[in-house]
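The values are calculated or read from the model by the stated rules, or taken from the named source; none is laboratory data. All values reported here derive from a predicted model rather than from experimental measurement. Cβ atoms come from the backbone with ideal geometry, glycine included; neighbour counts cover every protein chain shown.
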Amino acid sequence: MSIRKATKRETQQIVGHSLHVLKEASMGHIPPKKEKALQMVSPFLSDGGYYLVYTDTDRDEIRGWIGIGSTTDYYTDKPVGIIPELYVLPQYRKHGIAEKLCTEALKHLRKSGFSVVQLNVFAGNAIKSFYQKLGFKEVTTLMEKNLD
């Protein structure tokens, strides 16, 4: 097992999974279109964000990844670390990979000087309880009502 910064080639490979990741993470709230998936990933990468990958050391095969970057908190105007994406390939789930990736990402963000890390979870996504177990707390809730 190895966790390290993704190479350019690996980042392109991860971006190739964007549509599938969007479908799974958004719980049907975002129309599954490749353009939308790329529109959501591109800003974080162009602003200096990057991926950490979890690989099998024997074959250097990617089993999961986590995105890390930064933004300015909309409400406080303070810089915060962000985790825009966490994904473990289905065949490698339930082996602790997500927790290892999160732990490493938080170390990177702390080393970069951030004291707060934020992420977004769609309603109904089971990963919410995982993040709560790691100490993440709800800050705001986006609510909507369909008028059709």
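What the table below lists for this structure:
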| item | result |
| --- | --- |
| Every pair of residues 6+ apart whose Cβ atoms lie under 6 Å, when the first sits in segment 24-47 and is within 20 Å of Glu144 (Cα to Cα) while the second is small (Gly, Ala, Ser) and part of a loop (DSSP other than H, G, I, E, B) | Met27/Gly124 |
| Flag for Thr55 being in a strand (DSSP E or B), among the polar types (S, T, N, Q) and closer than 22 Å to Gly96 by Cα | yes |
| Extreme residue, farthest from Gly135 (Cα to Cα), among residues of segment 43-95 that are among the small types (Gly, Ala, Ser) and loosely packed, with under 13 Cβ neighbours inside 10 Å | Ser46 |
| The lone exception for Pro31 - which of (1) in contact with an Asp or Glu (Cβ under 9 Å, 6 or more places away or on another chain); (2) at pLDDT below 95 it fails | (1) |
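Yes/no per residue for (1) assigned to a helix (DSSP H, G or I); (2) at pLDDT below 95; (3) in contact with a His (Cβ under 9 Å, 6 or more places away or on another chain):
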| position | (1), (2), (3) |
| --- | --- |
| Val41 | yes, yes, no |
| Ile62 | no, no, no |
| Tyr74 | no, yes, no |
| His95 | no, no, no |
| Glu99 | yes, no, no |
| Gly113 | no, no, no |
| Tyr131 | yes, no, no |
| Lys137 | no, no, no |
| Asp148 | no, yes, no |
